[in-house]
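Asks: Quick one: the structure is below, questions incoming.
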């Protein structure tokens, strides 16, 4: 993240994370984020805005930035046993319809290095996610 001209906000990339996983991350209860691809090298050790999206949850809300997260590296779960043994960190139930381990599909865990919850959520940019959201604005005094 870089400081904008007014120095009141930091601007940088963001990553979509669905509720309730987003809340587990900012609370520190979840320390590994699971994905179907490894952490891109350019984001390792770099702060990312957490863009909380509603997913299928209720009540519905508009996407919002709720924190800043830094991932140190990613690991690949090659077997169900490896993924299951790490459940205490990734917190995904074995029967989760969207995010469970599936044989034949790659599964990675992005290891959280640091996470900070914003005092107050801020609006997410119109284009969101690690591919599109390159300019998320976060208050400079977020921590």
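The values are calculated or read from the model by the stated rules, or taken from the named source; none is laboratory data. Model, not experiment: these values are computed from the prediction. Cβ atoms come from the backbone with ideal geometry, glycine included; neighbour counts cover every protein chain shown.
Asks: When you scan the stretch 9-121 for strands (runs of 3 or more DSSP E) that lie fully inside it, which ones turn up with 3 or more residues that are modelled with pLDDT of 95 or more?
Replies: Details: elements: 9-12, 14-18, 32-35, 47-53, 64-77.
Where strands (runs of 3 or more DSSP E) fall fully within the stretch 9-121 and carry at least 3 residues being modelled with pLDDT of 95 or more, they are 32-35, 64-77.
Asks: Can you find even one residue in the stretch 92-110 that is buried (at least 18 other Cβ atoms within 10 Å of the Cβ), in contact (Cβ under 8 Å) with a residue 24 or more places away in the chain and under 19 Å from residue 13 (Cα atoms)?
Replies: The answer is yes, given that some residue of the stretch 92-110 is buried (at least 18 other Cβ atoms within 10 Å of the Cβ), in contact (Cβ under 8 Å) with a residue 24 or more places away in the chain and under 19 Å from residue 13 (Cα atoms).
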